[in-house]
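The values are calculated or read from the model by the stated rules, or taken from the named source; none is laboratory data. Just so we're clear, the structure is a prediction, and the values are computed from it rather than from any experiment. Note: ideal-geometry Cβ built from the backbone for every residue, glycine included; neighbour counts use all protein chains shown. Note: areas computed on protein heavy atoms with side chains; ligands, DNA, RNA excluded. Shrake-Rupley method; radii C 1.70, N 1.55, O 1.52, S 1.80 Å.
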Amino acid sequence: MTIVAKLIPPYFITHTYPIKCHSSFLESLSPKAYDKIKKMSIIIIFSRGVITLKRVLLIFIGALIIGGLVGCSATQKASNNNELQVTEETQEKSSTTNKEQITEMTQPNKPTTDMEFIDISGTFYTTSGDTASVKLLSRNKWEVSYSTLEGEVNATFETNWEISGQEKQSKTPMEKSDEYSGFHVLITYVNESDIEIIMEDGDPTHKMVFTKQKPKENENYEIVLQGDLSPFAGQFSNDDFNKQIADSEFTLGGYSPDDYYDNRTTVFPTLSKNGYWDGITSHGNYEIKASDMPQKTNGYFEVHVHGTNPGANNGELTFFLVPPNVSGPDGTLSKDRRVFQVLFDGKLRLLEYQKEEWWKEYQSQ
């Protein structure tokens, strides 16, 4: 082993001598230390004194102690660093786990009990023109009113919203005022003008779908509410009456065949813009009164026309005018426009529109 001494001026090396030690001191050392000391042959002498062997040993032992302390300190520091790293990794893993739990709690299709209030009140429409009215009873509790063949129906339900992408959905049971049970209402909300309501019980014939969109194809029929019956204008007849005309060789009512061919007769019941002509059976003319304008119910129109011939036909007739793809008062659906007349006994009679050039089918008969 080599001991290095740092010289500080004015000290400098002057001589070197073999090491001399008292035997009693050497005997106090361990065998290994004794062998090392015997092999050392240099002592550093300075101009102001000599570094004795005892001092050399003290320096040597001190160096060993300092080295040990430094080593222990480094080991302790490494241990502390390892513990800190493990702690940080544990904290990071715990943080990641918490984030995953939070993310899972906010995933789509999770019920949201604290969601902001969503207003679904208003009027809704089916593709056939039927309507439903929804009104708020209390927070998240609603009442819907709509029509069926059995009459007006009311139902109550609550909303329990779930987030599904850009939509919000709620599916809850309905409590209906009629005898039908087991119904659920499914509501899909995108925005205040894009809402769909589906009422169903598993039977496809009972399923009803309402949206905020009014059927565009039937918008032109809305002028009926202003007393304009033009969308339903036309002549009415049936096969029996057409045969009767053909049997008369197209002279019934004093008309000529050309009158029938060119549609210049008044024998057919006719619905016009302002009213109704009863045809050859009574020659009664009926008009709409400003005090009794048509009303819309269940997607079709109820029209009252009043006789214009005092003493002859001053009565009142009632018609139901049904646009295409709308369920009529008879509970049936059709792609065609339809007119129902209410008879004196309350029964309904469907008036058949006369075809163009109808007479061609009867000329050979």
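The table below gives the values:
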| quantity | calculated |
| --- | --- |
| Convex hull projection area averaged over all views, the range 308-356, Cα basis, nm² | 4.7 |
| Whole-percent carbon and sulfur share, accessible surface of the range 247-334, 1.4 Å | 45 |
| Residues His184 and Asn314, FRET efficiency given R0 of 45 Å [Cβ-Cβ distance, rounded to 0.05] | 0.30 |
| Ranked by how many other beta carbons lie within 10 Å on average, peptides 181-194, 294-307 from highest | 294-307, 181-194 |
| Spacing of the two label points (7 Å from each Cα toward its C-beta) at Glu249 and Asn160, in nm | 8.0 |
| Distant-in-sequence amide H partners of Gly284 (H built 1.01 Å from N, under 5 Å) | Asp278, Gly279 |
| Relative contact order, percent, the range 145-277 [alpha-carbon distance under 8 Å, six or more residues apart] | 13 |
| Mean separation of Cα contacts under 8 Å, 6 or more apart, over the residue count of the range 238-288: relative contact order % | 19 |
| Efficiency of FRET between Ser133 and Tyr362 - r from beta-carbon atoms, R0 51 angstrom, step 0.05 | 0.55 |
| Violating pairs (Cα-Cα greater than 26 angstrom) within the set Lys135/Lys176; Lys176/Lys207; Lys212/Lys335; Lys214/Lys347; Lys171/Lys296 | Lys214/Lys347; Lys171/Lys296 |
| With all protein chains modelled, accessible area of Ile163 [1.4 Å, Å²] | 70 |
| Nitroxide proxy distance, nm - points 7 Å out along Cα→Cβ at Glu200 and Glu222 | 3.0 |
| 17 Å cut-off, amide nitrogen to a point 7 angstrom out along Ala290 Cα→Cβ, residues in the range 296-310 | 306 |
| Value of Rg/Rh across the range 242-286 [Cα atoms, Kirkwood radius] | 1.01 |
